[in-house]
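The values are calculated or read from the model by the stated rules, or taken from the named source; none is laboratory data. Everything numeric in this text was worked out from a predicted model, so none of it was measured. Positions of Cβ are backbone-derived with ideal geometry, glycine not excepted, and every protein chain shown enters the neighbour counts. Ligands, DNA and RNA are stripped out before the accessible areas are found, and what is left, the full protein with its side chains, is counted by its heavy atoms. Shrake-Rupley method; radii C 1.70, N 1.55, O 1.52, S 1.80 Å.
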Amino acid sequence: MFSLSDKVAIVTGASRGIGKVIAQVFAMAGAHVVCVARSEDAIKSLADEINANGGSASYVVCDISDGEAFTTLIKDTAKEQGKLDVLINNAGVTQDNLLMRMKEEQWDTVLNINLKGAFHGMKAAIRPMMKNRCGRIINITSIVGLTGNPGQANYAASKAGLIGLSQSVAKEVATRGITVNCIAPGWIGTDMTDELSDEVKEQFLRRIPASRIGTPEDIAHAALFLASDEAEMITGFDLRVDAGAISRYWLWDPGAAE
Ligand code: NAP
């Protein structure tokens, strides 16, 4: 396993789903993990669990769409821990609707959390990382940001924007030892996807060549690699972890495999 020994990592959206497992895996790899979300009980019990199992974790309650609060959290972490090595911008939401019915509020909420939240986080994190001449920023996007999806114009725009933001910042900070990469998950079994109807789930599954729904661990292991020293040469990259879902999206004929 790749080591994050002595690294300090902030993981947003750590109260459940993908972020929770990233926090657990990073702690097992030796990092001090700062767990961030709005649900205090959930991140407190995650930090307690990690510490009880011999790892090192703390938690900060924060709505990442509040730029001032998110910036303060990052500054305080770097001050208290002496440095910041890794920022995982994982927190995200969906508020699905067809564009013709989408309310401006649904657009703003999704863009403010998924895209603007990451902007605030990256902007604050690169200062301590530049000082250290080392850093890893990993933004959790989605294959929907690459393909679009009916009913998810706001979500797809936020994730496509996050890919462009990441590629731009990757070029700005590359000479400072900081890498900026994205992980684009396909369908991962979490609360976010549990909401889908059985019919939609069946349709999606038929389009996945590996016929497999991903787990938060699939994403956490990819994040562990990109956060490691060994991934120093990789920046400005968008790593799809999707069981092949979009590589063969238009060509895949589910009937041919039956
Ligand atoms: P999830 O189970 O719904 O968890 C979302 C996390 O984000 C929660 O911890 C939530 O915590 C946090 N969060 C939401 N809004 C926040 C805010 N304003 N401030 C701070 N934290 C906030 O979702 P998930 O499936 O684990 O998704 C994690 C990431 O992967 C998201 O960016 C999502 O878009 C992306 N993704 C997921 C899938 C999938 O199939 N599941 C596929 C592609 C991409 P609180 O509610 O406690 O604040």
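Go through the residues of region 199-213 one by one and say whether even a single one is among the aromatic types (Phe, Trp, Tyr), in a helix (DSSP H, G or I) and open to solvent by 50 Å² or more (accessible area, probe 1.4 Å). Yes: region 199-213 contains one or more residues that are among the aromatic types (Phe, Trp, Tyr), in a helix (DSSP H, G or I) and open to solvent by 50 Å² or more (accessible area, probe 1.4 Å). The residue list Ile138, Ile126 contains one member that is among the β-branched types (Val, Ile, Thr), under 18 Å from Ala78 (Cα atoms) and open to solvent by 20 Å² or more (accessible area, probe 1.4 Å), which is Ile126.
Inspection of region 101-112 identifies at least one residue that is within 11 Å of the ligand (Cβ to nearest atom) and hydrophobic (A, V, I, L, M, F, W, C).
How about region 137-161: which of its residues are aliphatic (A, V, I, L, M) and in contact (Cβ under 8 Å) with a residue 60 or more places away in the chain? Across region 137-161, the qualifying residues are Ile138, Ile140, Ile143, Leu146. Listed by position, the strands (runs of 3 or more DSSP E) enclosed by region 1-96 that each have at least 2 residues that are under 24 Å from Ile188 (Cα atoms) and either open to solvent by less than 10 Å² (accessible area, probe 1.4 Å) or near the ligand (Cβ under 9 Å from one of its atoms) (or both) are 8-12, 32-37, 86-89. From the list Asp41, Asp108, the lone residue that is of a type outside the set (Lys, Arg), without any contact (Cβ under 8 Å) to a residue 24 or more places away in the chain and more than 27 Å from Gly145 (Cβ to Cβ) is Asp41.
Can you find, within region 163-178, the residue that is surrounded by the fewest Cβ atoms within 10 Å (Cβ to Cβ) among those that are in contact (Cβ under 8 Å) with a residue 60 or more places away in the chain and within 16 Å of the ligand (Cβ to nearest atom)? Ranking the candidates gives Ile163 first.
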